[in-house]
Structure formats: C-alpha cells, structure tokens
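Down below is the structure, laid out as structure tokens.
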Amino acid sequence: MVYGGAASVYMCRRSHIIVQEEYNLIMALDGATPDAREKLLAEKRMLCARTFISLLGHISKEQTTQYLLIMLDDILQEDKSRVEIFQDYARKKRESVWTPFLNLLNRPDGFIMNMYLRDSRVNGSVLQTSRIIAKIACWSRELMDGSDLHFYLTWLKDQLRISSNEYIQSVARCLQMMLRIDEYRWAFVGVDGISTLISVLSGRVNFQIQYQLIFCLWVLTFNPTLAQKMNKFNVIPILCDILSESVKEKVSRIILATFRNLLEKPTEPEVCRDNAIHMLQCKALKQLEILQGRKFDDPDIEEDLAFLIEKLQASVQDLSSFDEYSTELKSGRLEWSPVHQSAKFWRENVMKFNEKNYELLKILIKLLESSRDPLVLSVASHDIGEYVRHYPRGKTPMYHDVMWCRVIEQLGGKQLVMQLLSHEDPNVRYDALLCVQKLMVHNW
C-alpha cells in the first residue's frame with residue numbers, strides 16, 4: 001500500500017470527509033486476509049461500492065486517492081467477478097460506473113492529468129485509474145460504450161503519442177486488455193487508433209513496446225473485416241522492418257502471428273493475395289527463410305514460419321510483373337526494381353494505369369507531392385515519364401493523347417515534376433528533367 005495511505009484516510013475521518021462506517025470498512029479491507037476480505041465484501045457489497053465510488057469522486061488529496069486506487073485494484077485482481085459489485089451499485093443508483101474513474105483522468109485542476117510532468121506518484125494514480133477502468137470494462141457482463149468508451153480509448157491513444165512517455169508500457173497493457181473484445185476493437189479504429197499504433201512503431205521504441213503494440217495489431221486482425229482493411233494503414237512494411245531488425249523471440253513470434261492472420265482472416269481471397277504480394281515486396285520471404293534456420297523454443301513460431309513460407313512461395317509462382325509493380329507502388333516504397341526500367345513491362349501494362357479512374361497514376365503523383373525520400377521521388381518521376389513515353393499514340397484516337405496530358409496536368413503531376421527540377425538531390429533533378437522532356441516531346 002501507499003506509505004501513509006491509512007493515515008491519510010484517518011485524517012479524512014477526523015475532518016469528517018468520510019463517515020465512521022466507511023472508515024471502518026477501509027481499515028478492515030486493508031488488514032484482511034483474502035478469505036476474510038471475501039467474506040467482508042459478500043456481507044457489505046453495496047457499502048463497499050458506495051465507499052470507493054464516493055471517496056474517489058470527491059477526495060482530492062493525492063496520497064489518499066492513490067491508496068484507495070491500489071486497494072481497489074487488488075480487490076478486483078483477486079477475483080474478476082468483483083467488478084459486478086460496482087456495476088450493480090451503479091445500476092441501482094441509475095448512475096454510470098465510469099464517471100468517477102473517468103473524472104480522475106480529466107480532473108480540471110490538473111491533479112491527475114499531469115501524467116507526464118513532475119511527480120511519479122501522480123503518474124501512479126493515473127495509471128492505477130486506467131488499469132481499473134480496463135479491468136471493469138473487460139471483466140464486466142456490461143460492456144463500456146458510447147461517449148465513455150470513446151473518451152477512454154481516445155485518452156489511451158493520446159498517451160501513446162506523448163513523446164518519451166516513460167509509462168507507455170502501462171498504457172499499452174490497458175490496450176492489450178481492451179482490444180481482446182470485438183466491440184472495443186471497432187471503437188478503437190473509430191478514434192484512429194491503428195494509425196497511432198503504426199506511428200509509434202515507426203519511431204524508436206524498445207522491444208517491449210514493440211511487442212505490446214504489435215500484440216494490439218494482432219488481436220485486431222482476429223476480426224475478419226479489420227484484417228481486410230489493415231494494410232491500408234501500411235502495417236506490413238512497418239512489421240517487416242521490425243522483423244528484420246529484431247533479435248527478441250517474442251517480437252518475432254507476434255509479428256509472424258500477425259502476418260498469418262493477415263493471410264487467413266480476410267474473407268476476400270483477393271485481399272489475402274494482395275497481403276502476400278505486399279509481404280514479398282517488403283522482402284519478408286527472405287527474412288522468414290533466415291528465421292527458419294534458427295532454433296526456437298516455441299513450436300508456434302516454427303508452425304507459423306512453415307505456413308507463411310509455403311503461402312509466400314506459392315504467391316511467387318503467381319506473381320506477375322504488374323502485380324509486383326502495383327504492390328510496390330501502393331506501399332509507397334519505390335526503388336529501382338527491374339520492372340521500372342523494363343521497356344517490355346511498360347509496353348504491356350501502360351494502359352492499366354488508366355484503370356480504376358487512374359488509380360496508379362494518382363498514387364505516383366501523390367508520392368511526388370508527399371514523399372521526402374529522394375529515391376521515391378526519382379523513381380516516381382521516371383515512371384510518369386515512362387507512362388507518357390509508352391502511351392500508344394499511333395494506335396488510339398487523337399483525343400486519347402490529349403486525355404493523358406490533361407489528366408497529368410489536372411492531378412498536378414506536371415507542376416510537381418517541374419518543382420523537382422530545383423530539388424537539392426542531383427538524382428531527383430536528373431529524373432525530373434527526363435520526365436519533363438518526355439512530357440514536352442509527347443505533348444508537342
């Protein structure tokens with residue numbers, strides 16, 4: 001217990017902040033054995049709920065609050081079903097069980113919300129509150145919902161974004177609990193949670209944080225619809241990068257399990273195929289074959305490795321050059337792979353850039369606008385030039401020539417390439433110049 005916690009509760013009694021009955025209950029719970037505590041909670045069920053909810057709702061002294069939170073956390077940890085004590089009380093009072101706890105996360109005086117500032121004891125109170133909310137939300141028969149759920153998940157997401165938050169492990173642990181429940185998965189996606197996980201994972205975090213946040217992605221992929229949408233968030237490239245660098249077995253294991261779900265859980269075969277191609281594009285097969293040569297204590301790793309290697313090797317056989325190009329382009333990680341410089345590829349596939357309302361052409365132009373990687377800018381400029389150069393002018397009506405020129409200009413492609421002529425990188429300037437030349441020659 002918190003040092004001096006019992007004394008602080010006694011001072012609350014002396015100040016008439018709490019009544020004698022509540023004080024007696026707190027002291028009895030503090031000194032009780034597990035069996036005695038079980039009997040006491042059974043006999044004074046409603047008094048227990050009333051005492052904790054009331055005290056946490058109006059006591060502002062940090063030491064007392066933390067003392068009560070730790071005691072409550074221990075009570076719940078001993079027996080998960082005890083969350084119903086607080087749910088039953090809230091239903092009887094026609095109040096929200098979440099209000100006193102959520103208020104602790106958002107006290108207007110800054111007592112609790114200074115999570116990342118001065119006092120570690122303040123952080124302890126916040127994290128204790130967050131853990132209790134997660135336990136009640138996950139162990140109760142009645143799920144958290146509505147604005148309470150939105151507030152809590154947004155709060156957790158925001159804590160992940162705090163730079164150098166030393167308590168990120170505790171925040172991630174709450175999410176690991178919450179995202180096991182399907183209703184909470186959807187709510188987390190609704191507050192842009194997946195993008196936040198990816199953003200944190202793309203930075204420099206230790207292996208424990210990597211494991212916990214990838215665990216969150218893994219449990220999300222058990223929902224077939226979410227697994228189907230997952231790669232829109234650029235999950236596979238990030239996980240492939242971590243897999244290639246990680247030396248921790250637990251991190252490798254959870255990445256492999258996530259990859260397996262991405263190939264098994266989506267209901268549309270085309271999505272599974274695209275995910276497999278994306279893994280190939282990110283050099284996952286080579287890394288998997290390296291891992292297969294190692295010895296692991298966990299048989300699940302060996303099983304997942306065998307499954308993934310078999311699936312990806314099968315995908316290699318069906319992979320066309322256009323599939324390879326399309327997947328690379330959609331990943332945003334362009335490099336000088338052979339397809340870019342293959343005249344045969346461009347002759348055979350140039351018209352496909354017009355499909356789906358110029359989807360691939362729009363992605364190329366978007367990369368020119370958003371990427372800061374000189375390699376990506378060079379390759380994207382080159383590819384727009386190759387699209388123009390190989391467009392079949394002699395075999396199509398003249399208005400088609402006008403059409404591609406107009407599309408590139410309307411999408412801002414010509415202007416963006418022109419801007420790259422003054423880029424600091426000489427390779428970018430060179431490929432932009434070649435692209436401009438092709439645009440001018442074929443436009444003329």
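The values are calculated or read from the model by the stated rules, or taken from the named source; none is laboratory data. All figures in this text were calculated on a predicted structure; none of them were measured in a lab. For neighbour counting, all protein chains shown are included, and Cβ atoms are generated from backbone atoms with ideal geometry for every residue, glycine included. These accessible areas exclude ligands, DNA and RNA; they are computed on the full protein's heavy atoms, side chains included. Shrake-Rupley method; radii C 1.70, N 1.55, O 1.52, S 1.80 Å.
Consider the stretch 382-403 and keep the residues that are aliphatic (A, V, I, L, M) and under 16 Å from residue 434 (Cα atoms). The one that is modelled with the highest pLDDT is 384.
Pairing each residue of the stretch 40-66 that is part of a helix (DSSP H, G or I) with any residue that is open to solvent by 10 Å² or more (accessible area, probe 1.4 Å) and basic (Lys, Arg), provided the two are 6+ apart or on different chains, yields C-beta distances under 8 Å for 41/82; 46/92; 62/121; 63/121; 66/121. For residue 204, the conditions (1) over 24 Å from residue 232 (Cα atoms); (2) among the charged types (D, E, K, R); (3) without any contact (Cβ under 8 Å) to a residue 12 or more places away in the chain all hold with the exception of (1). How about the stretch 192-222: which of its residues are open to solvent by 10 Å² or more (accessible area, probe 1.4 Å) and not in a helix (DSSP H, G or I)? Passing the criteria: 192, 202, 203, 204, 205, 206, 222.
Conditions tested, residue by residue: (1) polar (S, T, N, Q); (2) closer than 22 Å to residue 419 by Cβ.
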site	(1), (2)
320	yes, no
327	yes, no
342	yes, no
347	no, no
356	no, no
362	no, yes
369	no, yes
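If I filter the stretch 319-349 down to residues being under 13 Å from residue 376 (Cα atoms) and assigned to a helix (DSSP H, G or I), which single residue comes out as most open to solvent (accessible area, probe 1.4 Å)?
330
Taking residues in the stretch 294-314 that are free of Cβ contacts under 8 Å to residues at least 24 places away in the same chain and buried (at least 19 other Cβ atoms within 10 Å of the Cβ), and partners anywhere that are in a helix (DSSP H, G or I) and not basic (Lys, Arg), not one pair has Cβ atoms closer than 6 Å while being at least 6 places apart or on different chains. In the set (1) open to solvent by less than 10 Å² (accessible area, probe 1.4 Å); (2) touching a residue at least 40 places away in the same chain (Cβ under 8 Å); (3) in a helix (DSSP H, G or I), the condition left unmet by residue 156 is number (2).
Listed here are the residues, each with its yes/no results for (1) among the aliphatic types (A, V, I, L, M); (2) modelled with pLDDT under 90.
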residue	(1), (2)
75	yes, no
87	no, no
90	yes, no
95	no, yes
106	no, yes
109	no, yes
117	yes, yes
124	no, yes
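Taking the stretch 404-430 as the search range and keeping residues that are open to solvent by 40 Å² or more (accessible area, probe 1.4 Å) and of a type in the set (A, V, I, L, M, F, W, C), which one is nearest to residue 354 (Cα to Cα)? Per the stated criteria, the residue is 411. Within the stretch 223-234, the residues that satisfy the criterion of being assigned to a helix (DSSP H, G or I) and under 11 Å from the mean Cα position of the chain (by Cα) are 230, 233. Within the stretch 230-253, the residues that satisfy the criterion of being closer than 20 Å to residue 269 by Cα and either in contact (Cβ under 8 Å) with a residue 24 or more places away in the chain or in contact with a Pro (Cβ under 8 Å, 6 or more places away or on another chain) (or both) are 230, 231, 233, 234, 235, 236. Any residue in the stretch 238-248 that is crowded, with 19+ Cβ neighbours inside 10 Å, part of a helix (DSSP H, G or I) and touching a Lys or Arg at 6+ places or on another chain (Cβ under 7 Å)? Yes - at least one qualifying residue is present in the stretch 238-248. Scoring residue 365 on the criteria (1) out of contact with any Gly (no Cβ under 7 Å at 6 or more places or on another chain); (2) touching a residue at least 40 places away in the same chain (Cβ under 8 Å); (3) open to solvent by less than 20 Å² (accessible area, probe 1.4 Å) leaves a single failure, condition (1). Within the stretch 62-105, count every residue that is farther than 18 Å from residue 23 by Cα and either among the aromatic types (Phe, Trp, Tyr) or in contact with a His (Cβ under 8 Å, 6 or more places away or on another chain) (or both). Residues meeting the conditions: 4. Restricting attention to the stretch 259-270 and to residues that are open to solvent by less than 90 Å² (accessible area, probe 1.4 Å) and in a helix (DSSP H, G or I), the residue that is nearest to residue 239 (Cα to Cα) turns out to be 259.
Give the stretch 159-191 a look and list any residue that's among the hydrophobic types (A, V, I, L, M, F, W, C) and open to solvent by 60 Å² or more (accessible area, probe 1.4 Å), or say none. The answer is 186, and nothing else.
The requirement of being under 32 Å from the mean Cα position of the chain (by Cα) and closer than 26 Å to residue 145 by Cβ is not satisfied by residue 91. For the stretch 271-318, filtering for residues that are within 19 Å of residue 335 (Cβ to Cβ) and outside any helix (DSSP H, G or I) leaves 2. Within the stretch 271-293, restricting attention to residues that are of a type in the set (S, T, N, Q) and within 15 Å of residue 239 (Cα to Cα), the residue that is surrounded by the fewest Cβ atoms within 10 Å (Cβ to Cβ) is 287. Check the stretch 58-67 and report whether any residue there is out of contact with any Ser or Thr (no Cβ under 7 Å at 6 or more places or on another chain) and either open to solvent by less than 30 Å² (accessible area, probe 1.4 Å) or closer than 18 Å to residue 136 by Cα (or both). No, the stretch 58-67 has no match at all.
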